[in-house]
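The values are calculated or read from the model by the stated rules, or taken from the named source; none is laboratory data. On a predicted model such as this, the values are computed, not experimentally measured, just so you know. Positions of Cβ are generated from backbone atoms using ideal geometry, with glycine treated the same way; all protein chains shown enter the neighbour counts.
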Amino acid sequence: MTEWITNTWHATAHFFTAMPWQMWSVWTLTICLLLVGIIGSVVPFLPGPLMIFAAGILHTVLRPESGMSTWGIVILSLLLVLSYVVDFASGAMGARWFGASRWGIAGVFIGGIVGMFFFPFGLVLGPLIGGVAFELIFAKMKLHPAAKSAWGSLLGTGVGLVLRLILVLAMVATFFLDALVW
């Protein structure tokens with residue numbers, strides 16, 4: 001019985017002394033950043049796509065033998081830019097599709113910025129209130145069309161959130177494909 005315990009102890013000690021800790025620590029850091037990036041794509045105030053981009057670059061710098069290629073970094077950069085374009089334009093495009101004027105779209109943007117300071121409800125209510133207020137005050141619309149355009153803003157923001165999540169998952173897939181396969 002004691003021989004089995006001794007052999008197990010020696011095998012475990014050999015496993016931990018022979019392990020390349022630098023590799024494990026870099027991969028652990030990279031995976032943690034990727035997970036925070038995925039969460040940050042749907043949670044406000046966490047720059048999800050930027051965290052995933054940083055994970056790819058940091059992994060390439062710290063572990064070049066399993067890092068990303070130039071083309072992988074270019075694709076990751078394009079997906080990063082596209083995710084922020086979708087993020088900023090989705091609410092305004094949804095409002096425009098539902099009949100918002102230029103004043104309404106400006107109200108959606110300003111309401112979104114002001115709403116960030118009133119987390120978490122302000123993130124939804126800010127663009128809605130801003131869109132309706134600007135439509136009523138500056139565009140001289142009636143309440144029903146103004147509310148319709150604000151609803152479009154909310155719908156566009158929701159669609160933008162789904163698209164951003166898809167782009168973030170594409171960024172993670174690009175990292176893993178480039179670092180492990182290509």
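Structure notes:
- Picking from residues in the range 44-68 that are over 17 Å from residue 161 (Cα atoms) and aliphatic (A, V, I, L, M), the one that is surrounded by the most Cβ atoms within 10 Å (Cβ to Cβ) is 55.
- Neighbours by Cβ (under 6 Å, 6+ apart or cross-chain): first from the range 1-30, within 15 Å of residue 63 (Cβ to Cβ) and assigned to a helix (DSSP H, G or I); second among the hydrophobic types (A, V, I, L, M, F, W, C) and modelled with pLDDT of 80 or more: 26/62; 30/55
- Hits in the range 67-92 - residues which are over 19 Å from residue 141 (Cα atoms), modelled with pLDDT under 85 and in contact with a helix residue (DSSP H, G or I) (Cβ under 7 Å, 6 or more places away or on another chain): 87, 90, 91
- Answer residue from the range 89-123, given it is hydrophobic (A, V, I, L, M, F, W, C) and not in a helix (DSSP H, G or I) and is surrounded by the fewest Cβ atoms within 10 Å (Cβ to Cβ) among those: 119
- For the range 17-33, the candidate set comprises residues that are out of contact with any His (no Cβ under 6 Å at 6 or more places or on another chain) and of a type outside the set (A, V, I, L, M, F, W, C); within that set, the residue that is farthest from residue 65 (Cα to Cα) is 17.
- Single residue of the range 138-149 satisfying the filter (part of a helix (DSSP H, G or I) and out of contact with any Phe, Trp or Tyr (no Cβ under 8 Å at 6 or more places or on another chain)) that is surrounded by the fewest Cβ atoms within 10 Å (Cβ to Cβ): 144
- If you check 132, 168, 162 for being of a type in the set (A, V, I, L, M, F, W, C), surrounded by 15 or more Cβ atoms within 10 Å (Cβ to Cβ) and closer than 22 Å to residue 40 by Cβ, only one passes: 168.
- The condition of being free of Cβ contacts under 8 Å to residues at least 40 places away in the same chain and more than 20 Å from the chain's Cα centre (by Cα) holds for only one of 138, 121, 176, that being 138.
- Selection count, the range 35-80, where residues are part of a helix (DSSP H, G or I), aliphatic (A, V, I, L, M) and under 30 Å from residue 121 (Cβ atoms): 9
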